[in-house]
Structures are given as structure tokens and as C-alpha cells.
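Right, one structure below, let's go through it.
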Amino acid sequence: MSVEMSQFHPVFFEETQEHLQLLEQLLMGLDIAQPDSEDLNSIFRAAHSIKGGSGIFGFTALADVTHIMENLLDKARKGEFSLSIPAVDILLNTTDTLGEILNSYRNELEIDWLKVTQTQTVLNGLLVDPGENLSALGESDLEPSTAPEPQTTDSFGFFAENKVPGAEHRDLSDFGFFTAERNGQIAQTIDPGFGLFDELEPEPSLSKKAAAAEPIALPKTDAGPVKKAGNSSGESTLRVETTKIDALVNLSGELVITQSMLALIGAEVSGELGERLQSALLELERNTCEVQDAVMSVRMLPVSSVFNRFPRLVRSLAAKLKKKVELVVEGGSTEIDKGMIERLVDPLTHLVRNSLDHGIETAQQRLDLGKAESGTLLLKAEQKGGSIVISISDDGAGLNRERILAKARENGIVSAHSPADEDVWPLIFSPGFSTAAEVTDISGRGVGMDVVRRNIEALGGHIAIESKAGVGSTFRIQLPLTLAIVDGMCVAVGEQVFVLPLVHIVESIQPSPEQLKTLSNQQLIKVRGEYLPLLNLSQLMAIKPTNPSPDQGIVVLIETSKHRFGLCVDALVGQQQVVIKSLERHYRRVNGVSGATIMGDGSVALILDAESLALQVKHLDGVTI
Amino acid sequence: MTKIESSSSTHSNGAEEEFLSFVLGDENYALDIMSVKEIRGYEAVTKIANAPVFVKGVLNLRGDIVPIVDLRMKFDIGQATYDEFTIVIMLCVNERIVGVVVDAVSDVVKLSAQEILPPPEFGVSFDNRFLRGLATVDNKMIILVNIAALIGSDELGLMDVNATAGQE
């Protein structure tokens, strides 16, 4: 019996995960003063489903906690229990605990029964006494780490201020927004000309509140590529294993290659037959393109599945930092590759934390500077041509040019006297670079930004910073639409072709003999007053080059997150998008190579890994004169 | 994608096993036919830098990037020449595809467990680990290669060290 049951476990885990997400979103979006009965019902139903499922499968820890939660929610929807901010906090914490328990079951780990009992106690306390002492109960018992000092009353006082609508914000016109803020700080910029609602219109509203809080509040199940209205995800969606989709993606990639091989052959056929063949081949080309697009779109998920976690994060961080922050989310329905979404979470979280911690000032500082009391953090995603741009903007203090430069000089990574701003900002991506005056537990250890940049570059993306002192800063991440394809420059060495990711290429030059020098046998190239190490691709790849000396070939200047160097190749073949294939699947990792791709003629070309090529340079830093 | 199951489970049932015999130089070899995915002619490969000489490179097998190993070079038998008669046997072992270059493919032979004789103690030239045994068919000695062990071995260097460790 238990064997038969266990086959349903993965489905249960998936569903419960979704219920928990839904629970969290609904709780965040709940209007405390006048809770929407439909919302309360949905919350109750989500908890009820979790309880039911976990009871059937014998996951007692889950069932026990959700049972009390369900009782509480049942009373709330019947109006016997009025929800308050601390109560919602407790429920949110409970949701987190449930997530942890779920993970324990999923990974067959030991259940933290102490935490289960604690959560039950807190919830029971709430059932018995929905009074004032809740805040202390909730925060300190459940998550001691978030409230190290008994300041919970202070931080809740922060919310209490908002409970009096308009008391502080008389200058702002629309109260409707502030109800949203009070609930989850998913507030919008109070700007009548913002036109957010126009953008929103095509989005089906799950509930009035959720819609007002941007598509981000839509549950994940409904926000999939199939945009269906209504509460139930119903029969309009189909759960498919990612491996199956990946197989489809692979096959469609093959189809494109086969098609281009056919086109090459077809071009050689002449006469009437050739003409008929040509038109059939054209048809084939169009169809294969469409097949590939359609298959790729299956892997696409809305960015909102990443953005969804931020209202919660911002809310708790803002409370912890005693700052007032409104989070504005735009373009949550922009779709990007599923694999990319998972790997975007960490860098985005880091940037959001950074903006909150270092960017946005405290309410008092802001008032002194004549800014609106609460800072705005804008999280925006949009598609621009073949790439996705995600930007994180705050209207805080901006990056501190002087402090960055001082720190950079201290670390010896900058030499120019007054570099341009564009050259200053990227310095914060250097390893071990933190300008925070003091290290907090939120950020400031200086381990993060270089990791952020590396993560983004590993996705084939690029990160840029715009900042203005006193006005705010924007981190702009540019990403390719999909992970499976990279923009590359094809370079030839001997008879072999290699692909260099375009993100790493600065420029290509044809060096004159005067530009080439050696330093203890390491070749150097002098480009615009700077000596850079020069690597020879033919040497690295053990190929006999067509051009024996670098001044007959072409030098490609490559910039990685840490180094700049020149790479000597025989010729540039051309720029093209290539599909990345794993070399490790059937073979092994190869030094200096990140993968392989199949060219139009069916042959294999290796994709070079600029980072690991850089390790081949003996003298890693460019020498400047 | 078709996957041919790997052979290791069929050893003990006493029934006949089928082997694909092939020629390296003047010697006859055979390997478990269940690990054979397909047989094709030799095509140009993309060279891999700093790989052992017997790893010729990689090629595109319907979208998979597959390494090609020349067994003649690995076992130091015959001349490693490449012409239109050179054969590549595509093997699928532990869900990994590897192509091996041989001089020719001869036959499919059925052998029962009794017909497979234990190998003698060999010198250094052929490692016992890669040998299933010896068999005689039509007065010719056929060397049965334990292809799974060979493909997975560190010597061939076809896999990353951590990947090999998991298979032993």
C-alpha cells in the first residue's frame, strides 16, 4: 500500500508548494481592515487542501500545523476572528515553517518537531487570545533572528502609523493605494500619470486586490504562458516533466540543423526540379522556425515567479531596517527561460537587499533631504529585441563615488586620477569590495557583488549600473532570451572553428608588429597605452595555425569579470547565435571550453570559456604605463 | 532517443549472449551487442586539445556531442589509417554514447557461458580488467572485450573523475 502511495508523493509536494505560494501571496495582498471574503475563502481552501493531502499521505507534522491554521482561517472567514497585522505575520511565518516541513519530507530529512510544536503553540495562542501581545509572541517565538532585540513593538509601530490612512500622507491623493501598502507594501507609485492600470488591463483579475497589486499577485499557476482567467488552473494547464520538454527543445534544434543542411544540398539542384525543391525547402524553413519558437515558448515562464518573492522580502527587510519602502513591480508577465529564472533568484535578491540596505535612506534622512518619506524600489522587466532587461532602481542616496574610489585605491585596483562615473561604478563588482561603513547582517560583507556579476555572466548576461548622488541608482541586467543559445563570434584557427561568447569580446584588431612585445617569454600586446597579455588559441588548443606569427592573424580582446587579455586567432569567420550543447554529457570537461555547438554543416565547434582561458595567463593583470 | 539497455544484467541466466565481432589489425575482437547503438562510417571529427592521442575528437550524432576513440591506437594494434572502409561502432554504456574506431565489423556471434574461456594472465599490453574472456569460433580466437569497464576506465579518460567514481 505504502509503495503505491509513494508514487503520488512528488505530485503532492508540487501541489503543496503551489498552495503555500498562493497562501503567501494572498496573505500579503490581504486588506486587513476590510478583508475580501473571496480572498479569505481562497486562503482557507489552500490551507485546507494542504491539510487534506498531508493527512492522506501521513505527513503528520504538516497536517497538525495546517489543522490549527485552518481552524484559525475558518474563524476568520466567518468573521469570528479579525485579522491584524501581527496575526498575518504569524500566518506568514507559519507558511514559512510549512515550507520547511515540506522540504524535510521531500528530502526525507528529520522533521524539526520543536519548531512544529512552537508553531502550533503560537497559532493556538492566536486562537485563544487574538489580543495585543501577539506581536511579541509571533516574532520572537517563531523567528528569533528577525528580532534580536525586543524592538518588535517599535517595528510594529511603523505599521501602526500607516493604519491611520492619510495621517502622514495627506499630500498624496489616492488612498486606494495605501490600503495595498498597509497589507503588503506592494504599493504603486502615487502618480496619476503612471498609467500602470492601462498595462494591467489585459491581465485577468484574480481578485480586485490582487489585480490592484500588479500581476505579481497572481498565483503562479495562473500566470503561466497560457493566460487563462479565473481562479482554477483547471484543465487548461498540463504538468509535464522538464526532461521531456528539454528533449523536445533538443529535437527541434536538430530539426533546424537538418533543415539548413538540406538547404545547402537543395541549392545544388538545378532545373525545374530544383525550383520545386527550393519552394518546398522554404516552406520547411518557415515551419521548422515556428516549431522551434513554439517549443522554446514552453520553457518560458513569467518573471513574476521570481518577482513574487520580493514583496515579502522587502516588507521584512524594511521593518528590520526601520525604513519605509514601497516596492513597485512592472512587467511581471515578461517571459524568460525557466532555467534562467531559477538562477536569477540569488543575484536579484542580493541587489534588492543592497538597494534597501545601502541605497534607500531612513525615513528621517529622506525627510531632511526633502524627499518623500518612503523610498521607492522599482523592479522592472522588459523585453528589448533579443534580450530581457531586468532593472532594479531605487530613489535612494545613489552610489558614493568618493568612497568607492577611496576603497578602490586602497585595494590598488584603480590608477586614473578622475575616472568617469561609468568606470567607477563597475568597481563595486570587484571581489572583496564593500563600501558599507559597517557590515550589517543584511549586506556589506563585500562578498556579494562579484558573485552577482559572475552569476549574471554565467547566464550569458551583462550588468550595468547607473547612479546619481542623492537621486538613486539603477542596476540593469541584460539577459539573453534563453539559456540554450549564446551570441557568439566564430573564429578560425587552422582548420578548426571555435565560438567565443560575444559578451566577453571587447574588440578585434589586426596588430602591427610594433604592438607585440614579450615579457619574460609572455607575449604582450600594447593597445591604447595598455599592455595586455596575449594568448595564442592555436597553442591552447594544440592546433597548427595557418599564420605562424600573431601580426598576421587577428587579436580578439577579451574581458572577463577579472581580467583583460588578447587572444590570437587566424581569422574571424562571423557572428552567429549558436545552440549550446553539453560536452560532459558523453565526454568530459575540457580546459578552456564551456561546451560545444553544431554548426550549419553538421560539424561540431567548441565554445570557448573566456574565464578559464584567462587562467592560462601567467601574469594576470594588465600592466599600465 | 532510443536507448539500448546496458548488458550487465544478462550474465547469469545461462542463455546465449550475442556479441558483435570486429577486427583490429590481424586480431578478432567482440563486444556485447546490447551496448551497440549503431554502426557507421568514419567521419571527420573536431579535435579536442590536450586529449590522449587515441581520443580522436568529438562529432555530432544527431545532436549529441559524442567522443570518438580509436581502439587501434589504444591497444596499439595495426595501422591507424582512415579511409572509406573505416568503421565507427557507436556504443551506449551507462547512458553515455562513445564511438570506437575499428578496422572492420565482421559478424554477430552467439556464445553461451561455457564457450567463454577465462583469459590467461596477460602482460602489461592488455589489461585484464577490460577482458571478458576468450572464445573460439571457426577456429579463430575471438577476444571478448568488457566494453563497459573499458569505457568507464580512468585510462581512457572519457569521463570526469567524479563521474567515474559513481560507476564503480
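Tally time: how many residues in the range B:83-107 are surrounded by fewer than 16 Cβ atoms within 10 Å (Cβ to Cβ) and either hydrophobic (A, V, I, L, M, F, W, C) or more than 14 Å from chain A (Cβ to nearest Cβ) (or both)? Residues that pass the stated criteria total 6. When the strands (runs of 3 or more DSSP E) confined to the range A:334-452 are screened for residues that are within 26 Å of the chain's Cα centre (by Cα), at pLDDT 85 or above and assigned by TED's automatic domain parsing to the domain that holds A:F310, those reaching at least 3 such residues are found at A:375-384, A:387-394.
Residues in the range A:520-541 that are part of a strand (DSSP E or B) and either buried (at least 16 other Cβ atoms within 10 Å of the Cβ) or basic (K, R) (or both): A:Q523, A:L524, A:I525, A:K526, A:V527, A:Y531, A:L532, A:P533, A:L534, A:L535, A:N536.
Taking each residue of the range B:143-168 that is farther than 12 Å from B:R96 by Cβ and within 14 Å of another protein chain (Cβ to nearest Cβ) and looking for partners that are in a helix (DSSP H, G or I) and modelled with pLDDT under 70 with beta-carbon atoms closer than 9 Å, six or more apart or interchain, yields B:S153/B:T164; B:D154/B:V161; B:D154/B:T164.
Can you name the residue in the range A:13-37 that is at pLDDT below 80, surrounded by 16 or more Cβ atoms within 10 Å (Cβ to Cβ) and touching a Ser or Thr at 6+ places or on another chain (Cβ under 9 Å) and, of all such residues, is nearest to A:T95 (Cα to Cα)? Going through the qualifying residues, I end up with A:G29. Restricting A:Q496, A:Q510 to those that are surrounded by fewer than 20 Cβ atoms within 10 Å (Cβ to Cβ) and assigned by TED's automatic domain parsing to the domain that holds A:L532 reduces the list to A:Q510. Taken together, A:G99, A:G79 contain a single residue that is surrounded by fewer than 20 Cβ atoms within 10 Å (Cβ to Cβ) and not in a helix (DSSP H, G or I), which is A:G79. Can you spot a residue in the range A:454-462 that is at pLDDT 85 or above and part of a strand (DSSP E or B)? Checking the range A:454-462: not a single residue is at pLDDT 85 or above and part of a strand (DSSP E or B). Residues in the range A:564-582 that are under 26 Å from the mean Cα position of the chain (by Cα) and free of Cβ contacts under 8 Å to residues at least 60 places away in the same chain: A:K581, A:S582.
If you go through the range B:120-156 and keep only what is among the small types (G, A, S) and either at pLDDT 75 or above or assigned to a helix (DSSP H, G or I) (or both), you end up with B:G133, B:A135, B:A148, B:A149, B:G152, B:S153.
Condition check for A:A318 on (1) out of contact with any Leu (no Cβ under 9 Å at 6 or more places or on another chain); (2) part of a helix (DSSP H, G or I): one failure, at (1). Could you grab me the full set of residues in the range A:388-423 that are surrounded by 17 or more Cβ atoms within 10 Å (Cβ to Cβ) and under 30 Å from A:G488 (Cβ atoms)? Selection gives A:I388, A:V389, A:I390, A:S391, A:I392. You will find that of A:V579, A:V573, the residue that is farther than 24 Å from A:N455 by Cα and either more than 8 Å from chain B (Cβ to nearest Cβ) or at pLDDT below 85 (or both) is A:V573 and no other. Looking across the range A:342-373, the residues that are of a type in the set (S, T, N, Q) and crowded, with 22+ Cβ neighbours inside 10 Å come down to A:N354, A:S355. Residues in the range B:47-76 that are closer than 26 Å to B:N28 by Cβ and more than 7 Å from chain A (Cβ to nearest Cβ): 14 in all. Of the strands (runs of 3 or more DSSP E) that lie entirely inside the range A:542-616, those containing 2 or more residues that are among the polar types (S, T, N, Q) span A:571-579, A:593-598.
The number of residues in the range A:43-58 being surrounded by fewer than 21 Cβ atoms within 10 Å (Cβ to Cβ) and among the hydroxyl-bearing types (S, T, Y) comes to 1. Filtered by the rule that a residue be outside any helix (DSSP H, G or I) and either at pLDDT 80 or above or over 17 Å from A:I101 (Cα atoms) (or both), the range A:55-75 gives a lone residue, A:F59. Residues that are closer than 24 Å to B:V55 by Cα, more than 9 Å from every other protein chain (Cβ to nearest Cβ) and in contact with a Phe, Trp or Tyr (Cβ under 8 Å, 6 or more places away or on another chain) are absent from the range A:599-606. Of the residues making up the range A:477-519, those that are free of Cβ contacts under 8 Å to residues at least 40 places away in the same chain and part of a strand (DSSP E or B) are A:L516, A:K517, A:T518. When the range B:34-46 is filtered for residues that are among the small types (G, A, S) and at the interface with chain A (Cβ under 10 Å from one of its Cβ atoms), only B:A44 remains. Between A:K581, A:K517, the distinction of being surrounded by fewer than 16 Cβ atoms within 10 Å (Cβ to Cβ) and not polar (S, T, N, Q) belongs to A:K517 only.
The values are calculated or read from the model by the stated rules, or taken from the named source; none is laboratory data. Since the model is a prediction, treat every value here as computed from it, not as a measurement. Here Cβ is always computed from backbone atoms with ideal geometry, including for glycine, and neighbour counts include all displayed protein chains.
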